[in-house]
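Peer 1: Here it is: the structure, laid out below.
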Amino acid sequence: MSNTGQLTQAESATSSQSRILKSIVSKAIPYLVAVVAAFAVGAIIIVLLGHDPVRAMQSVLTTSFKSQFGFVETMHKWVPIVLCALAFTVPLSTGKFNIGAEGQLLIGATAGVAVGIMGSDLPMVILLPAVLVAGVLGGIVWAGIAAFLLVRFQVNEILSTVLLNFVSFQVIDYVASHVWPDVGAGHPATISVGEGALLPRLGPSPAMHSGVLLVVIAAIAIAVSMRSTSAGFEMRATGANQRASLVHGIKTSRLAGAGLVIGGGIAGLAGAIEVAGVHGKMLEGMQSNFLILGIIVGLLARGNNFAVPFVAFGIAVLEVGASAMQRTAHVPIELVLIIEALILLFVLFSDVPKGRFKLGKK
Amino acid sequence: MTLNGHPRLKMTGIQKRFGPVHALKSVDLEVAPGEVHGLLGGNGAGKTTLMNVLYGLYDADGGTIDIDGSTVTIKSPRDALAVGVGMVHQTFLQVDNYSVLENVVLGANPGGSALSLNLDEARSQVLDLSKRFGLTVEPDAIVEELPVGVRQRVEILKALYRGSKILILDEPTTNLTPQEVDDLFQSIQAMVAEGMSVILITHKIQETMAVCDRMTIMRLGENVAVLNKVDTNPEELAAIMVGETANEDASAVVLGEDNFVSLAQDGIAVSAKNLVIRNDHGVDLFQGFNLDIRAGEVLGIAGVAGNGQVELAEAMAGVRPLQSGSIQVEGREMTSLPTVEWLRGGVAYVPEDRYRDAILPTATITENLLLGSQRSASVKKNGLIDWRAAQKRAEDAVSAFSVQASGISALVGALSGGNIQRVILARAFAHKPRLLILHNPTRGLDIRSTQFVYEQVSEVAKTGCAVLLISEDLDEVIAQSDRVLALYSGALTGEWSHSEAEPYEIGRSMTGLVKES
């Protein structure tokens, strides 16, 4: 046993670099295959629908890069997708599933819009931070309900977070129709927030809102914290083996709750940024499909917080391309969601042969 | 009383491998009709593995099974039940919120279509079985509200209801009260009186002598002896289980000659008083337990698995809360402190169950080595964990403990059992412990690694660290300890100094015979 072991050690010293390269390539291949396969299936569906697949795919993939408008649009989509993905991956690192990013986003938006309307006369230096903080706190409170139920009564967090989404729909409906309704909008929406609540734009029109920059910083800070703070390490340890973490003095149950609460805060921030950067008010339906996109991104990144922003960018490109595709090739927008789901499915499928192969080797 | 001259059960040359581990090396077992057959052996002897093969949970790599003279193929528990083999596991496989009756008939197809369920016939059958074998149950009680002893009866009834003629009981008395044990044994007698065969997996010699007609003793995946009760006595059984193999044991090679040097100092370093420790089933296994360890002393706890070792180790490590009593480490009262404070106070714990209690399988070696000290200032730089320094320490630990892995970024779950143990030991020793709790620390290690562990233990003992060595390897306990205590069912049944420790005597105390002083 010892002899063979020494051999492998010697081997690893000489070929470690080529091995690292190999492992990167072998890890990337399933993703590439999954993306290509998903687009191939998408193209087949487009053909079956009687449209031009080349033109459709061209629109999907290039709209983001053809004009400044397209790129700004993409980054504006990217912001909530990244945040909703992190709202999923942070609790996931403790082994908990937060399926409530959309409710947390909406309550964050509600809190943000409330501050933005009530304090509409305040100057920006006070009002804008207050709006963003209120959004974070709103998300924290909403996820905090699920976290409390989990830690105190062991209520399954998947159930509680999903159900709280439905409650949040009623909350924003009430706020948009009864508290600060914009009667002229023809759609449940609040009146606009004060000038001071809006995120300043970066550069000439059409310009990005500065929330993009904020999210770049937040995403890096979150990824670094999860990797290198004691609490982040403890959260990841809890997800890897709860029992061993407990034996080594980690308060696992509390950390699981904390993970959900942090996730909620992140989603709440997304809500506040949507209010302060995109809409200037709160409106029904503003959660779009960010919950599901966040989960897709989180799963595609396999919970790796550093990978989330990059995967999210790819998904944002597809999302923005979707409406262009509908205009140019008359293919329904939903096809892009099908492609996104197929990418995820194919990536997940790639685990099956891998797992089989490993078992076979044993 | 054999059918056509055939034994009820004949297992021949059964082999089973788990990867590199040869769990069963050609094991034979023969059980007659109307016999209670004891299957004895320490942990890891292969008793449960052999019975899981018989019950179809594992697929054997070789060997044959004959029941009443005809060879059978058992690929699943369904096959096993079809040929009359039933098994009661240590952990009950029951639906908690179903009634006793519903649990008994579950999966047994009591008649009717998928849409209807008529339990009248089943009810009378269950009541009949319950009366015949003295297994008193209330058919409509919800099982989660029942005590352990009654839930076990439900499990036995499940097997009987399915027509078992061979009933396997896996350590059935572990969580039973003495009265419940008596009831169980009476039921067993009633079963064999009707011609059934019962196989009792156990490591408690007294029980075996009370109820078994014949016994097969296993050790390290082999059957070492088959004895009739009338031809043997507790001392001989203890000798076979513990003594005869002393020279074959790998660790015995290392420990061939006694070169033990005591490093114990005068002061008491660890003091545990009046401990009441509850097990996972809500039973107070330890009731008023006392333990003192001097600085630098290695205190060995000898005992057969399941007599409270895990509970004691966890209580001493601050992982399992005490019901009452107090534990002091170097004069500091630890009793009600959270686990993290115990770690900070220098208590290092090497658990028995490596996979469950000690490692993060999907994390790297570096991360696993950090576990437990992630909050200490020494691993940080600018408030964040200094991964570069952690990697450097991991490199050192990997070479010092000769962990064989592709590198410090290897996932610990992918390492072999022995290498996982080295990572765990490296972490424990890096902790600069003041109390080191080792539970079966060298199980699965090769001789060289075993020797290495013993050297490391001496190193920390030199620094005045108190060591609690809990092991089922009696040779190891005797060779490494200043003092040996025998543990039986949560109580101490004997104490020996290093020089007077004698395996046969300790072996007897391990089976519950209190040492005469």
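Only the coordinates and a few stated rules stand behind these numbers; no lab work does. Nothing here was measured: the structure is a model prediction, and the numbers come from that model. Counting neighbours? That spans all protein chains shown, and the Cβs are built from the backbone with ideal geometry, glycine included.
Peer 1: For chain B, with the dipole built from +1 on Lys and Arg beta-carbon atoms and -1 on Asp and Glu ones, taken about the Cα centre, which of B:ILE74, B:VAL319, B:MET510 lies farthest toward the positive end?
Peer 2: Result: B:VAL319.
Peer 1: Taking a ≥ b ≥ c as the square roots of the eigenvalues of the Cα gyration tensor of the range A:36-75, is the shape rounded (a/c under 1.5), prolate (a/b larger than b/c) or oblate? If you can, show how the numbers build up before the last one.
Peer 2: Details: a/c = 3.57, a/b = 2.27, b/c = 1.57.
Taking the square roots of the gyration eigenvalues as a ≥ b ≥ c, the range A:36-75 is prolate.
Peer 1: Can I ask one more? Once you average over the residues of B:367-376, how many Cβ atoms of partner chains fall within 10 Å of each Cβ? Don't jump to the answer; show the numbers that get you there.
Peer 2: Details: counts 4, 4, 0, 4, 11, 7, 3, 10, 7, 1.
Partner Cβ neighbours, averaged per residue: 5.
Peer 1: Please work out the FRET efficiency for the pair B:ALA305 and A:VAL167, using the Cβ-Cβ distance as r and a Förster radius of 51 Å; give the result to the nearest 0.05. Walk me through the intermediate numbers first.
Peer 2: Numbers: r = 51 Å, r/R0 = 0.99.
Approximately 0.50, to the nearest 0.05.
Peer 1: So, one more: Sorted by mean Cβ packing within 10 Å, highest first, what order do the peptides B:28-36, A:111-119, A:65-73 take?
Peer 2: Ranking the peptides B:28-36, A:111-119, A:65-73 by packing returns A:111-119, B:28-36, A:65-73.
Peer 1: So how much slack lies between A:SER177 and A:ILE292, counting 0.36 nm per residue of separation and subtracting their Cα-Cα distance, in nm? Don't skip to the answer; put the middle values down first.
Peer 2: On the way: separation 115, 0.36 × 115 = 41.40 nm, distance 2.64 nm.
Going from the current span to full extension adds 38.8 nm.
Peer 1: Something else: I'd like the orientation of helix A:252-273 relative to chain A: the angle between its Cα long axis and the longest Cα principal axis, in ° from 0 to 90, rounded to 10.
Peer 2: 50 degrees
Peer 1: Percent of Cα-Cα pairs more than 28 Å apart in the range A:188-321, please.
Peer 2: On the way: 2619 of 8911 pairs.
Result: 29 percent of Cα pairs exceed 28 Å.
Peer 1: Same structure, new question: How much of the DSSP beta bridge set in chain B is antiparallel, as a percent to the nearest 5? Before the final figure, lay out each step's value.
Peer 2: Details: 47 of 83 bridges.
Around 55 percent antiparallel, to the nearest 5.
Peer 1: To check you understand DSSP bridge types, tell me what percent of the beta bridges within the protein assembly as shown (both residues inside) are antiparallel, rounded to 5. Before the final figure, lay out the partial values.
Peer 2: Details: 51 of 87 bridges.
Here the share of antiparallel DSSP bridges comes out near 60 percent.
Peer 1: Measuring from label point to label point, each 7 Å out along Cα→Cβ, what is the B:ALA225 to B:ASP386 span in nm?
Peer 2: Rounded to a tenth, the inter-label distance reads 5.9 nm.
Peer 1: Sort A:128-134, A:166-172 for me by packing, meaning the mean count of neighbouring Cβ atoms within 10 Å per residue, highest on top. All intermediate terms of the calculation are to be shown ahead of the outcome.
Peer 2: Numbers: A:128-134: 21.6, A:166-172: 16.1.
With the highest mean Cβ count within 10 Å placed first, the list reads A:128-134, A:166-172.
Peer 1: Sticking with this one: Just tell me how shielded B:404-411 is by partners: mean number of partner chain Cβ atoms within 10 Å of each residue's Cβ, no decimals.
Peer 2: Working: counts 9, 4, 7, 6, 0, 3, 1, 1.
Mean partner-chain Cβ count within 10 Å for B:404-411: 4.
Peer 1: What does the charge add up to near B:GLU495, with Lys and Arg as +1, Asp and Glu as -1, over the other residues with Cβ less than 9 Å from its Cβ? Each step should come with its number before you reach the end.
Peer 2: On the way: positive: B:ARG483, B:LYS515; negative: none.
Net local charge, B:GLU495 excluded: +2.
Peer 1: I've got another one for you. Restricted to Cα positions, what overall size does the protein assembly as shown have along the principal axes? Three whole-Å values, descending.
Peer 2: Extents along the principal axes: 98, 73, 54 Å.
Peer 1: Oh, and also: Let me know the mean shielding of A:161-169 by other chains, meaning the per-residue number of their Cβ atoms within 10 Å of its Cβ. Write out the running numbers ahead of the final one.
Peer 2: Values: counts 0, 0, 0, 0, 0, 0, 0, 0, 0.
Counting other chains' Cβ atoms within 10 Å and averaging over A:161-169 gives 0.
Peer 1: Take each of the peptides B:8-18, B:66-76, average the number of other beta-carbon atoms within 10 Å over its residues, and list them starting from the highest.
Peer 2: Numbers: B:8-18: 18.9, B:66-76: 14.4.
With the highest mean Cβ count within 10 Å placed first, the list reads B:8-18, B:66-76.
Peer 1: Mind checking the angle between helix A:124-153 and chain A's longest principal axis? C-alpha axes, 0 to 90 degrees, to the nearest 10.
Peer 2: 60 degrees
Peer 1: May I pose another question? At a Förster distance of 30 Å, what's the computed FRET efficiency of B:SER497 paired with B:ILE142, Cβ-Cβ distance as r, to 0.05? Don't skip to the answer; put the middle values down first.
Peer 2: Working: r = 53 Å, r/R0 = 1.77.
Between B:SER497 and B:ILE142 the formula returns 0.05.
Peer 1: Right, something else. Using only the Cα atoms of chain A, construct the convex hull and provide its projected area averaged over every direction, in square nanometres to one decimal.
Peer 2: Working: hull surface 91.7 nm².
That works out to 22.9 nm².
Peer 1: Tally Lys/Arg at +1 and Asp/Glu at -1 over every other residue whose Cβ is under 11 Å from the Cβ of B:LEU263; what's the total? Spell out each step's value before the answer.
Peer 2: Values: positive: B:ARG294, B:LYS462; negative: B:GLU297, B:GLU459, B:ASP482.
Result for the local shell: -1.
Peer 1: Within the range B:422-440, whose backbone N sits under 15 Å from a point 7 Å along Cα→Cβ of B:GLU341?
Peer 2: What the label zone holds, given the 15 Å backbone N cut-off, is no residue at all.
Peer 1: For the pair A:LYS22/A:ILE220, report the inter-label distance in nm, with labels modelled 7 Å from Cα in the Cβ direction.
Peer 2: Going from the A:LYS22 label point to the A:ILE220 one covers 3.5 nm.
Peer 1: If you take every residue apart from A:GLY268 with its C-beta less than 15 Å away from the C-beta of A:GLY268, what net charge results, scoring Lys and Arg +1 and Asp and Glu -1?
Peer 2: Details: positive: none; negative: A:GLU102, A:GLU274.
Value of the local net charge: -2.
Peer 1: Quick one: if the Förster radius is 41 Å, what FRET efficiency do B:GLU236 and B:ARG123 give, using the C-beta to C-beta distance and rounding to 0.05? Write down the numbers at each step before the final one.
Peer 2: Values: r = 47 Å, r/R0 = 1.15.
Between B:GLU236 and B:ARG123 the formula returns 0.30.
Peer 1: So what are the three principal axis dimensions of the range B:394-496 from its Cα atoms, in whole Å, longest to shortest?
Peer 2: Principal-axis extents of the Cα atoms in the range B:394-496, largest first: 46, 27, 23 Å.
Peer 1: Per residue of the range B:127-142, in order, report the coupling 6.51 cos²θ - 1.76 cosθ + 1.60 (Karplus, θ = phi - 60°) as ³J(HN,Hα) in whole Hz, putting x for Gly and Pro.
Peer 2: Each residue's phi maps through the Karplus curve to give 4, 5, 4, 4, 6, 4, 10, x, 9, 5, 9, 9, x, 9, 6, 7 Hz.
Peer 1: At 7 Å along the Cα-to-beta-carbon direction for both A:SER253 and B:GLU30, put a label point, then send me their distance in nm to one decimal.
Peer 2: Here the answer is 5.5 nm between the modelled labels.
Peer 1: In a Debye calculation with equal point scatterers on the alpha-carbon sites of chain B and no solvent, what is log10 I(q)/I(0) at q = 0.06, 0.09 Å⁻¹?
Peer 2: Evaluating at q = 0.06, 0.09 Å⁻¹ gives log10 I(q)/I(0) of -0.32, -0.72.
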